[in-house]
Amino acid sequence: MSDRVPTQFVTTLLRMVGDRGYDFSGILSDAGLDFNPLQPQESGYRAEISAMQYSRVYQHVLHLLQDETFGVTGSELVAPGAFRMMCYCIISCDNLGQAIGRASEFYRTFFDERSQLFANFSEQYARVGYRTIDRGGQPQVAAADAYGLSMWHRFFGWLCGRPIELKRVDFSGAEPQRLEKYEKLFGCPLYFNQANDLLYFDSACLAWPVVHTEHSLREFLRTAPYQLLIMENDPNGNNLSAQVKAMIGHDFSEGFPSFDTISSALNMSAPTLRRRLKREGTTFQQLKDDARCEAAKLCLDRPELSINEVALQMGFTDPSAFHRSFKKWTAQTPGQFRASRRRNDNRGG
C-alpha cells in the first residue's frame with residue numbers, strides 16, 4: 001500500500017482546467033500544494049504528492065468541470081457524471097464479469113469509440129481496456145494512458161474487495177523511457193506497440209462476487225480516487241479479510257454492517273466465516289477497528305472537517321471516546337496525526 005502518487009498524474013487534470021480558461025491556483029492551494037505541477041523546472045517542484053492531495057485536486061476539478069471519469073483516456077468527450085452513473089448501473093451486479101459487461105455496454109451505448117471500454121472474455125483470460133486510442137502524435141505510451149488502465153484495474157479489485165493479479169498489459173504506444181515506473185504500477189509483463197491498450201487477467205476472477213452496495217459506493221465516489229490509490233494491490237494477501245474489510249467500508253455514520261449480514265453476503269455461515277478469518281490471523285472486530293482507523297485517517301486528511309465532525313462520521317457520539325480509540329489504534333491523538341500529515345505534505349515526504 002502506498003499513499004504517494006507521481007506528480008505528473010495531476011498534470012492531466014490541471015491541463016483540462018487550464019485549457020478551458022480556468023485559473024487553477026486556488027485548486028492547488030486548497031489541496032495543500034505549494035508548487036505548480038506543470039512547472040517541473042521550479043526549485044520547489046516535487047516528483048510525488050500524497051494520495052489525499054491528488055484526490056483533493058481531482059474532486060475540485062470534477063466539481064468545476066462536472067466530469068467524473070478518473071481522468072482516463074477520452075475524458076474530455078464524456079458527459080457530466082458518466083462514471084458515477086456507470087457505477088450505480090453496475091453496483092447491483094452479482095459478479096465481476098457481469099459488472100464489466102454492463103460497464104462496457106454503458107460506454108458503448110452513450111459514447112464514441114475513443115471513450116468505450118472494450119471487454120473480451122475467453123476460457124483462459126479476460127481482456128479489458130481500450131480498442132483504439134488517439135495519441136495525438138505521441139508515439140510513446142503516455143503516463144495518463146497507463147494511469148487510466150491502472151485505475152480500471154484497481155476499480156475492478158475494489159468492486160470485489162480483493163486485488164486482481166494481472167497476467168500482462170498491452171499498450172498500443174512505444175516503450176516509455178522510464179519503464180520501471182510502469183512495471184511497478186502493474187507488476188506483470190508489459191507489451192508495447194500492440195493493437196490495443198488492454199489488461200489481461202485470469203477468467204476465474206470474473207466469477208468473484210461484487211461485495212459493495214450503494215451505501216459504500218456513495219462513500220467511494222465522495223473521496224474518489226483516494227481509496228483506489230491507497231488500496232492493497234498484492235494478490236497474495238489475505239483475500240477473505242480484504243473482502244470483509246471492503247464490505248465494512250469507510251462510512252460509519254449509520255453504523256456497521258452486522259457479522260451475519262456480511263457472512264450471508266459471502267454465502268457462508270457465521271461460524272465458517274469466523275473460522276476462516278481466524279485462519280488468516282484476524283477477527284471481525286479487528287477488521288472493524290482497522291477499517292474505522294483507515295476511515296478516520298481519510299477524514300482527518302480533509303481540512304474542512306473538525307475533529308468532532310470526524311468523530312461523528314466514525315459513529316462516535318462522544319468525541320473523547322474517539323480520541324481514546326484513535327490513540328489506541330495509532331499511538332497518536334487525532335490532532336497529532338493531522339498535524340504530522342500536514343508537515344509531511346509540505347515536505348513532500
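Quick check: anything in the stretch 50-67 of a type outside the set (Phe, Trp, Tyr), closer than 26 Å to Glu105 by Cα and either at pLDDT 85 or above or assigned to a loop (DSSP other than H, G, I, E, B) (or both)? Checked the stretch 50-67: at least one residue is of a type outside the set (Phe, Trp, Tyr), closer than 26 Å to Glu105 by Cα and either at pLDDT 85 or above or assigned to a loop (DSSP other than H, G, I, E, B) (or both).
Take the conditions (1) modelled with pLDDT under 85; (2) surrounded by fewer than 16 Cβ atoms within 10 Å (Cβ to Cβ); Val141 misses just one of them, which is (2).
The set of residues in the stretch 189-205 being surrounded by fewer than 18 Cβ atoms within 10 Å (Cβ to Cβ) and either aliphatic (A, V, I, L, M) or part of a helix (DSSP H, G or I) (or both) consists of Ala195, Ser203, Ala204.
Looking at the structure I just gave you, is Leu159 under 19 Å from the mean Cα position of the chain (by Cα), surrounded by 18 or more Cβ atoms within 10 Å (Cβ to Cβ), part of a strand (DSSP E or B) and at pLDDT 85 or above? In short, no. When Arg15, Arg114, Arg46 are screened for being at pLDDT 80 or above and not in a loop (DSSP other than H, G, I, E, B), only Arg15 passes.
For every residue, the table says whether it meets (1) acidic (Asp, Glu); (2) within 29 Å of Ala146 (Cα to Cα).
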position: Arg178; (1), (2): no, yes
position: Leu190; (1), (2): no, yes
position: Gln194; (1), (2): no, yes
position: Leu217; (1), (2): no, yes
position: Asp260; (1), (2): yes, no
position: Ser264; (1), (2): no, no
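In this structure, does Asn344 turn out to be assigned to a helix (DSSP H, G or I), at pLDDT below 85 and surrounded by fewer than 20 Cβ atoms within 10 Å (Cβ to Cβ)? So Asn344 fits the description; yes. Taken together, the residues in the stretch 92-111 that are closer than 16 Å to Trp152 by Cβ and assigned to a loop (DSSP other than H, G, I, E, B) amount to 2.
Number of residues in the stretch 256-274 that are modelled with pLDDT of 90 or more and of a type in the set (Val, Ile, Thr) equals 1.
Close Cβ contacts (under 7 Å, 6 or more residues apart or on different chains) running from residues in the stretch 37-53 that are assigned by TED's automatic domain parsing to the domain that holds Val17 to residues that are among the hydrophobic types (A, V, I, L, M, F, W, C) and part of a loop (DSSP other than H, G, I, E, B) comprise Glu42/Phe35; Gly44/Phe35; Tyr45/Phe35; Arg46/Phe35; Ile49/Leu33; Gln53/Ala31; Gln53/Leu33.
Residues of the stretch 316-336 that are part of a helix (DSSP H, G or I), closer than 12 Å to Cys293 by Cα and polar (S, T, N, Q): Ser325, Thr330. Between Ala339, Ala295, which is touching a His at 6+ places or on another chain (Cβ under 9 Å), outside the structural domain of Tyr54 (by TED's automatic domain parsing) and either at negative phi or not in a helix (DSSP H, G or I) (or both)? Among Ala339, Ala295, only Ala295 is touching a His at 6+ places or on another chain (Cβ under 9 Å), outside the structural domain of Tyr54 (by TED's automatic domain parsing) and either at negative phi or not in a helix (DSSP H, G or I) (or both).
The values are calculated or read from the model by the stated rules, or taken from the named source; none is laboratory data. All values derive from a computational prediction rather than experimental measurement. Cβ sites come from the backbone with ideal geometry, for glycine too, and all protein chains shown count toward neighbours.
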